[in-house]
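Structure record follows, encoded as structure tokens.
The values are calculated or read from the model by the stated rules, or taken from the named source; none is laboratory data. These numbers come from a predicted model, not from an experiment. Quick reminder, even Gly has a Cβ in these numbers, built from the backbone with ideal geometry, and neighbours come from all protein chains shown. Calculation scope for accessible area: heavy atoms of the full protein, side chains included, ligands and nucleic acids excluded. Shrake-Rupley method; radii C 1.70, N 1.55, O 1.52, S 1.80 Å.
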Amino acid sequence: MVAKTILHPTVVNESDIIPTGPERLFTVEDLLEISCRDENRYELVRGKLYIMPPAGAPHGDYAMSIGARMRIFAEDHNLGKVFAAETGFILEHNPDLVRAPDAGFVQAERIPAEGVPAGFFPGQPDLALEIISPNDRASDVQDKVQEWLSHGTLLVWVVEPKTKTIMIYRQDGSAQLLHSGDLLTGEDVIPGFEFYVSRLFDD
């Protein structure tokens with residue numbers, strides 16, 4: 001899903017107002033504070049706040065269908081952690097960039113020994129799953145894909161419900177379109193993971 005509308009933080013009390021203005025750039029700390037008191041989801045794009053509209057039921061179903069299977073497989077084989085759509089990944093600082101995929105996988109060697117860190121995850125997911133919503137613009141989706149890749153994400157899966165396809169983007173610049181009868185694999189990012197595209201749309 002692609003973030004939509006620039007907005008200012010929700011004001012709970014007058015004393016809670018975070019100063020805004022044409023030069024105001026929000027930080028990771030601001031986003032954490034806003035997230036704690038506001039039920040909306042946000043992304044932080046180089047200091048600007050964008051709202052993440054609630055997903056429709058089909059969108060959530062697609063994300064969970066793949067994400068849940070990824071998580072079970074990754075845990076069973078000690079490959080890493082799969083994070084849900086609420087998880088922010090810190091990609092840049094000064095100005096801050098925090099993005100959230102519909103599901104994100106981080107390989108085991110990148111999880112700190114003390115466990116998952118508090119707050120947003122410091123760095124990119126190794127695999128990002130994006131589900132295209134009906135009102136997403138193709139250019140915005142492509143921008144987000146390239147943003148993941150440019151920050152080190154190894155695989156990006158983009159699910160297009162309208163065409164019942166999944167587009168795979170790789171760190172080496174290659175791309176592949178999968179249709180209903182094709183097999184989606186974790187390649188060398190989640191070795192051994194397999195998922196038939198038809199299961200996503202025909203269940």
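A compact table of results
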read-out: Peptide ranges 139-148, 177-186 listed from the most packed, as the mean C-beta count within 10 angstrom indicates; value: 139-148, 177-186
read-out: Local electrostatic count, Leu31, Cβ distance below 14 Å [Lys/Arg +1, Asp/Glu -1]; value: -2
read-out: The chain, Cα convex hull volume normalised per residue, Å³; value: 128
read-out: Of Phe26, Phe120, Pro58, farthest towards positive along the dipole that unit charges on Lys, Arg, Asp, Glu beta carbons give the chain; value: Pro58
read-out: Within the accessible area of the chain (1.4 Å probe), percent carbon and sulfur; value: 53
read-out: Mean accessible surface per residue for region 61-203, computed with a 1.4 Å probe while every protein chain stays in place, in Å²; value: 47
read-out: Dipole in debye (nearest 20) - the chain, about Cα centre, beta carbon charges: Lys, Arg +1; Asp, Glu -1; value: 340
read-out: In order through region 26-37: 3J(HN,Hα) via Karplus (6.51 cos²θ - 1.76 cosθ + 1.60), integer Hz, x for Gly, Pro; value: 7, 10, 4, 5, 4, 5, 4, 5, 5, 4, 6, 10
read-out: Listed residue (Val158, Thr185, Pro101) projecting farthest to the positive dipole end of the chain, Cβ model; value: Val158
read-out: Three-way shape label, region 20-119, alpha-carbon gyration tensor, a/c 1.5; value: oblate
read-out: Computed label-point distance, nm, for sites Ser150 and His93 using a 7 Å Cα→Cβ extension; value: 2.0
read-out: Summed side-chain charge close to Lys81 - residues other than Lys81 whose Cβ falls under 15 Å, Lys, Arg +1, Asp, Glu -1; value: -3
read-out: Cα-projected label distance for Ser174 with Ser198, points at 7 Å along beta-carbon direction, nm; value: 2.5
read-out: Order by protection proxy (mean Cβ within 10 Å, highest first), peptides 118-130, 95-107, 156-168; value: 95-107, 118-130, 156-168
